[in-house]
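Written below as structure tokens is the structure these notes are about.
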Amino acid sequence: MSTISIAVVIINVILALLFSLGAAPILVWIERRVAGLIQDRLGPNRCHINGIRLGGLIQSFADMLKLVFKEDFKAKAIQESFFFSLAPVIVFASAFLSFMVMPFADDLIINGERFIMQGLPMDLGVLWFLALAGLSVYGIMLGGWSSRNKYSLLGAMRAGAQVISYEAAMGLSVVSVLITYGSIHLGDIVAYQGQLLFGFIPAWGIIIQPIAALIFIITAFAEANRTPFDLAEGESEIVGGFHTEYSAMRFGLFFVGEYVAMSASSALIVTLFLGGYHLPYLNTQTLQAYMPFILMVLIVALPLGSWSAMRWIQKHNRWHKANDIRNHESAFLQKGLIGLNVLVIAGVGALLVLGLSETSTNVATAVIQIATFALKLLFMNFVFVWVRWTLPRFRYDQLQTLGWKVLMPLAIANIFISAIIVVARGL
Amino acid sequence: MGIKIVPRHGNTLKEKLYLPAIFGGMKTTLSHLITNLSDTPEIKTINYPEEQPHDISERYRGVHRLTKRDDGSVRCVACFMCATACPAECIFIEAEERNDGVDEKMPKRFDIDLLECVFCGACVEACPCDAIRMDSGIFSFIGKKREDFVLSKEQLLANEEKKA
Ligand code: SF4
Ligand code: SF4
């Protein structure tokens, strides 16, 4: 192993950590602020470190800190304390591991060496995700059962039944997708989506497999235990569901696990149906061929984007009392943005002036693709949040009806149709 | 006959598909989000306590105050009507003789425990002398100890009427 390969592996692991674990506080923040704004409220925006609020992001860190230092309370009736403590670990670990196979850029080639850009370099792809996502429900069931609480048990039972009915439809919808793409390796799937359909539409999964995309997205909501399928939690019916008895960091693990699972589901949706790390119309080869132009566009677009962001910050990022330390934040943010602009433009400009070598083109491609993937991931996570604050919870029988009577038959029919089309095209 | 037939919803194909309605709902929530991020937000909440509510009506029952006579002395005659009327029994009066010739009796102590008070206004209604009112407009009362919430005669006298 050369130094470069070790560096790339480490960067990959860090990126995977950032996208999953690092995303959790950001997602909590998005969830709270978006919920507030959707409901014409402000949402948490007061917490600050030396005046820096980042729009309320600091609140998530304060919250995590609080969970860490809270009393680790456990009711006396809980006898299986090993399983009780194991449950959140299972939920968290499986959510976390399921993220590890998401490719966030095309295979990177440096000095003739090929690196798979994902947390764990494996070819298991979708199967790994399905296996681990299914595992997380064991944590929920274990937690609910060992809590010795009727509400927790009810929540656990609901979670179990829900996962059984939705995993089937999810698996079947994935089958039809795999038939179309002809591979379970997520890298191949994304590469397939870099093509153009009829020469002008990007062949994204959502366009060539709309029904599978719909079923998969719906079941992914159920899999991640998000509204409208958060019956396992059901705070208006069964207190807190499976985590009623949990507090402090044990609850924190459930809590973070939920967001990591949501991020993992989003990553898979992005990878399977939204073109993965591809910018529309620019697959890896075109991106590399037109790299100088794209970098120039970046040099122009970045200051424009930052300018409008700065205008927005000036207008909206104010505190309501003069002389409050929080009023210094806007200036700080604007300086940060200007600094970022200077750095990026200097870096990209130097690249352009010095001329692009093959390696630097490859690395630039990887960076652009990682950024694209991050943006798409953020968007899909936003959709999860958005849906949560739009739709009410399903009733239990409605959930089962939808799962078995609608999604399952639809998924099976979709398998037949896609198989027929694939075979017909192959003839 | 007064029977009204309500048409049942949810039987057309469009309604059974759910998705159009779901997308409609998502459009509504997104429009709220975008409006609130734009230059003309329609946020209905305020940054309390930096911003104070501005829509409190004049008749809002705030913290009590004891009114004064024209000469500035306490108007209350310690008749105990308010303490009798109070459903929460949170008014504690101790009477004393009044020697300045203005009246015969006045309160020596007049305490109201705001933690027990339900802000019903019965004391104001009961008072025959218009000596107690709840028009101070103070709607948030902050203290660190329970004792802080027991207002003495002096504090009650110090509260001013809130002018609109
Ligand atoms: S407002 Fe009602 S509860 Fe409060 S002191 Fe007066 S009578 Fe008692
Ligand atoms: S406030 Fe009014 S009702 Fe109460 S003791 Fe004084 S005069 Fe009587």
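With (1) in contact with a Leu (Cβ under 8 Å, 6 or more places away or on another chain); (2) assigned to a helix (DSSP H, G or I); (3) farther than 14 Å from A:Gly252 by Cα as the list, and A:Phe92 as the residue in question, which single condition is left unmet?
(3)
Pull up region A:301-347, narrow it to residues that are farther than 22 Å from B:Leu37 by Cβ and modelled with pLDDT under 80, then point me to the one that is nearest to the other protein chains (Cβ to nearest Cβ).
The qualifying residue nearest to the other protein chains (Cβ to nearest Cβ) is A:Lys321.
When you scan region A:327-364, how many residues do you find that are over 30 Å from B:Glu50 (Cβ atoms) and either touching a residue at least 40 places away in the same chain (Cβ under 8 Å) or part of a helix (DSSP H, G or I) (or both)? Spell out how you get there, then give the answer.
From region A:327-364, those over 30 Å from B:Glu50 (Cβ atoms) are A:339-364; that's our starting set.
So of that shortlist, the ones also either touching a residue at least 40 places away in the same chain (Cβ under 8 Å) or part of a helix (DSSP H, G or I) (or both) come out as A:339-354, A:356, A:358-364.
The total comes to 24.
Output the number of residues of region B:127-148 satisfying the condition of being part of a loop (DSSP other than H, G, I, E, B), within 12 Å of ligand 2 (Cβ to nearest atom) and in contact with a strand residue (DSSP E or B) (Cβ under 9 Å, 6 or more places away or on another chain).
Number satisfying all stated conditions: 3.
Quick grid of which residues meet (1) without any contact (Cβ under 8 Å) to a residue 24 or more places away in the chain; (2) more than 7 Å from chain A (Cβ to nearest Cβ); (3) surrounded by 12 or more Cβ atoms within 10 Å (Cβ to Cβ):
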| residue | (1), (2), (3) |
| --- | --- |
| B:Ile5 | yes, yes, no |
| B:Pro20 | yes, yes, no |
| B:Gly24 | yes, yes, no |
| B:Lys27 | yes, yes, no |
| B:Ser31 | yes, yes, no |
| B:Asn36 | yes, no, yes |
| B:Asp39 | yes, no, no |
| B:Lys44 | yes, no, no |
| B:Tyr48 | yes, yes, no |
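Given the condition within 14 Å of chain B (Cβ to nearest Cβ), among the β-branched types (Val, Ile, Thr) and either over 30 Å from B:Ser31 (Cβ atoms) or crowded, with 19+ Cβ neighbours inside 10 Å (or both), answer yes or no: does some residue in region A:38-61 qualify? I'd like the intermediate steps shown before the answer.
From region A:38-61, those within 14 Å of chain B (Cβ to nearest Cβ) are A:38-48, A:53, A:55-56; that's our starting set.
Checking which are among the β-branched types (Val, Ile, Thr) leaves us with A:38.
Cutting the leftovers down to either over 30 Å from B:Ser31 (Cβ atoms) or crowded, with 19+ Cβ neighbours inside 10 Å (or both) gives us A:38.
Yes, region A:38-61 contains a residue that is within 14 Å of chain B (Cβ to nearest Cβ), among the β-branched types (Val, Ile, Thr) and either over 30 Å from B:Ser31 (Cβ atoms) or crowded, with 19+ Cβ neighbours inside 10 Å (or both).
Which of (1) within 14 Å of another protein chain (Cβ to nearest Cβ); (2) more than 30 Å from A:Gly36 (Cβ to Cβ) is the odd one out, the single condition B:Cys90 does not satisfy?
So the condition that B:Cys90 fails would be (1).
Considering each residue of region A:383-412, count those that are surrounded by fewer than 17 Cβ atoms within 10 Å (Cβ to Cβ), of a type outside the set (Val, Ile, Thr), in contact (Cβ under 8 Å) with a residue 60 or more places away in the chain and more than 12 Å from chain B (Cβ to nearest Cβ), and give that number.
Number satisfying all stated conditions: 3.
Show the residue pairs meeting these rules: Cβ distance below 7 Å; 6+ apart or different chains; first residue within region B:127-141 and surrounded by fewer than 14 Cβ atoms within 10 Å (Cβ to Cβ); second residue in a loop (DSSP other than H, G, I, E, B) and among the acidic types (Asp, Glu).
none
Rundown of residues vs (1) crowded, with 16+ Cβ neighbours inside 10 Å; (2) not hydroxyl-bearing (Ser, Thr, Tyr), yes/no style:
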residue: A:Ser85; (1), (2): yes, no
residue: A:Phe96; (1), (2): yes, yes
residue: A:Val101; (1), (2): yes, yes
residue: A:Ala105; (1), (2): yes, yes
residue: A:Asn111; (1), (2): no, yes
residue: A:Arg114; (1), (2): no, yes
residue: A:Gly119; (1), (2): yes, yes
residue: A:Val126; (1), (2): yes, yes
residue: A:Phe129; (1), (2): yes, yes
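Scanning region B:149-164 for residues that are part of a loop (DSSP other than H, G, I, E, B) and of a type in the set (Gly, Ala, Ser), which turns out surrounded by the fewest Cβ atoms within 10 Å (Cβ to Cβ)?
The first filter runs over region B:149-164 and keeps only residues part of a loop (DSSP other than H, G, I, E, B), leaving B:152, B:159-164.
Right, trim to of a type in the set (Gly, Ala, Ser) and you get B:152, B:164.
Details: B:Ser152: 12, B:Ala164: 7.
Across region B:149-164, the extreme among qualifying residues is B:Ala164.
Any residue in region A:232-249 that is surrounded by fewer than 23 Cβ atoms within 10 Å (Cβ to Cβ), in a loop (DSSP other than H, G, I, E, B) and under 20 Å from the mean Cα position of the chain (by Cα)?
No, there is no match, as no residue in region A:232-249 is surrounded by fewer than 23 Cβ atoms within 10 Å (Cβ to Cβ), in a loop (DSSP other than H, G, I, E, B) and under 20 Å from the mean Cα position of the chain (by Cα).
Tell me which residues, restricted to region A:346-369, are surrounded by 19 or more Cβ atoms within 10 Å (Cβ to Cβ) and either within 14 Å of A:Pro103 (Cα to Cα) or among the β-branched types (Val, Ile, Thr) (or both).
Within region A:346-369, A:Thr365, A:Ala366, A:Ile368, A:Gln369 meet the criteria.
Do you know which of the residues in region B:79-126 that are closer than 17 Å to B:Gln155 by Cβ and assigned to a loop (DSSP other than H, G, I, E, B) is nearest to ligand 1 (Cβ to nearest atom)?
Out of the qualifying residues, it is B:Cys117.
Please go through region B:131-143 and give me each residue that is more than 14 Å from ligand 1 (Cβ to nearest atom) and either among the β-branched types (Val, Ile, Thr) or out of contact with any Lys or Arg (no Cβ under 7 Å at 6 or more places or on another chain) (or both), ordered by number.
B:Ser140, B:Ile142, B:Gly143
The values are calculated or read from the model by the stated rules, or taken from the named source; none is laboratory data. These figures come from a predicted structure and were not determined experimentally. All Cβ positions, even for glycine, are placed from backbone atoms using ideal geometry, and neighbour counts span all protein chains on display.
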